[in-house]
Amino acid sequence: MSLALMLLLGLMLAAALALVLLPFTRPVDDPLAAQRTQLEAQRDDLYAQLRAIPDTEEGDMARLPLEARAARVLRQLDELPATPPRPEAQGRSARLARAGWGAALLLTLAGALTVFPTWQRLGIGAAEAGQVTAAQQLPGLRASAQSAKTTASYNAWGDAAFQQGSYDEALRAYTESLKLEPRQPQPLRRLGTLLLNQGSMGNQPLSEQDAGQAFALIRTAASLAPDDPESQLLLGYALVKFGAEEEALTALERYRELDPQGRDADELISSIRSAQNSSSPALQVYSASCASCHGPAGNGGLGPSLRESNLTRDAAAQIIVQGKGSMPAFPELKGEQLSALLDLLQEWQPGGAQTSSPAQPSDRNSTVNNSMNNESAGSLSGNGLNTTGQGTASGSSAKEQP
């Protein structure tokens, strides 16, 4: 909760307390006190006269007018407003009111600092809730980092800025952190990604040499933390920018293995495969006949992984055409289609052809690169790095981000 909102809430509570408690701080005047006192004196005098009359016939006759006068006085007293409470009673009421409102104030403040922030984020997604939290914490973390100048404080500042979408600020924070400790996987890969996407952030794009250095940061981070999902995700994203789609697919599939619940690479993987299928007859045949069982990249699904297969070319051809076990036969595959599919399967086998590492950004497969720039670079939001092009969890994508 912001400081301004807390101050406003405090002022509202103080005003409410003043309205309720001020009447109890001073005695309440009785404007009819004189009339009430006079009538009470008349009542007491009449009661005294009635008690003094003897119980005789003459006394009964004398009692009648006195009783009539006493009845009129009592009626007048009843018609007066109620007597205000005594000062000591007012003091007790004031103490009770102050105690009650003090308890209400404490409960309200406790709720404002605990329950209300949680309730405030119930209606939004986890990613957007993280961004809200990061935005609230960012000023304090920035000041703390600039004061402490430690690796931990710079990383906390950078993480909050990165998650909130303040990428220029995150870049500064991670740079300062890496000056103190260069071999940190998360700052390395995030800094490399931010540098690599300067153009899409509205800044001057990097030169080929600087882009290669930014890619080296991401590659180094992946080697330092190969089992971190974010390492593989950002590595795959960077590889696509350099035109290495096969290596990118490997990294992105590895990301899926490390984070089965992660959906951040789905659209980028689909874009790469779509571009490959449109230009590769072998992949077109594979997608139509094999992908539903063996997975879109041959990593396995209902059927075994084709990338771990050691079948000879002839054995694979026989199984494809004739079928085996639960695998159906595909006798319609023959000639060039069958040959292209067998070539692809042999490339996927251990020891098959490998794609060389990228040396510089490439314009090859512009469809994939455009998809990555416009879709997968939609936003990067902390632990839930969104590379699907749908913006943040709230759906905001008005400004293109890395």
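Out of 177, 223, report the one residue that is under 26 Å from residue 152 (Cβ atoms) and surrounded by 24 or more Cβ atoms within 10 Å (Cβ to Cβ). Reasoning before the result, please.
On the way: 223 fails: surrounded by 24 or more Cβ atoms within 10 Å (Cβ to Cβ).
One residue alone meets the criteria, 177.
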Fill in: Any chance residue 45 is in a loop (DSSP other than H, G, I, E, B) and surrounded by 12 or more Cβ atoms within 10 Å (Cβ to Cβ)
no
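What are the residues in the range 251-277 that are polar (S, T, N, Q) and either in contact with a strand residue (DSSP E or B) (Cβ under 8 Å, 6 or more places away or on another chain) or touching a residue at least 12 places away in the same chain (Cβ under 8 Å) (or both), if any?
Filtering the range 251-277 for residues polar (S, T, N, Q) gives 261, 270-271, 274, 276-277.
271, 274, 276, listed by residue number.
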Worksheet item: Just for the range 84-105: of the residues that are surrounded by 12 or more Cβ atoms within 10 Å (Cβ to Cβ) and under 22 Å from residue 39 (Cα atoms), which one is modelled with the highest pLDDT?
Response: 84
Discussion item. Being under 45 Å from the mean Cα position of the chain (by Cα), assigned to a loop (DSSP other than H, G, I, E, B) and of a type outside the set (S, T, N, Q) is the filter here; which residues of the range 291-335 pass it?
Written reply: 295, 296, 297, 298, 300, 301, 302, 303, 304
Practice prompt. Residues being hydroxyl-bearing (Ser, Thr, Tyr) and more than 15 Å from residue 344 (Cα to Cα): count how many of those fall in the range 291-332.
Written response: 2
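Could you list, in sequence order, all residues of the range 191-204 that are surrounded by 14 or more Cβ atoms within 10 Å (Cβ to Cβ) and without any contact (Cβ under 8 Å) to a residue 60 or more places away in the chain?
Here is the first cut: in the range 191-204, the ones surrounded by 14 or more Cβ atoms within 10 Å (Cβ to Cβ) are 191-201, 203.
The answer is 191, 192, 195, 198, 199, 203.
Report, by residue number, each residue of the range 286-305 that is crowded, with 21+ Cβ neighbours inside 10 Å and either of a type in the set (Asp, Glu) or in contact (Cβ under 8 Å) with a residue 24 or more places away in the chain (or both). Reasoning before the result, please.
Residues of the range 286-305 that are crowded, with 21+ Cβ neighbours inside 10 Å, as a first pass: 286, 290, 294, 297-298.
Within the range 286-305, 286, 290, 297, 298 qualify.
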Worksheet item: Restricting attention to the range 257-285, which residues are crowded, with 18+ Cβ neighbours inside 10 Å and either out of contact with any helix residue (DSSP H, G or I) (no Cβ under 8 Å at 6 or more places or on another chain) or of a type in the set (Val, Ile, Thr) (or both)?
Response: 269, 272, 285
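If you take the residues in the range 153-187 that are part of a loop (DSSP other than H, G, I, E, B) and among the small types (Gly, Ala, Ser), which one is nearest to residue 139 (Cα to Cα)?
Going through the range 153-187, the residues part of a loop (DSSP other than H, G, I, E, B) turn out to be 165-166, 181-184.
Then drop every residue that is not among the small types (Gly, Ala, Ser), which leaves 165-166.
Numbers: 165: 14, 166: 12 Å.
Filtering first and then ranking leaves 166.
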Fill in: Residues of the range 52-73 that turn out to be among the charged types (D, E, K, R) and not in a helix (DSSP H, G or I), as a count
1
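The values are calculated or read from the model by the stated rules, or taken from the named source; none is laboratory data. Because the structure is predicted, anything quoted here is derived from the model rather than measured. Don't worry about glycine lacking a Cβ; one is built from the backbone with ideal geometry, like all the others, and counts go over all protein chains shown.
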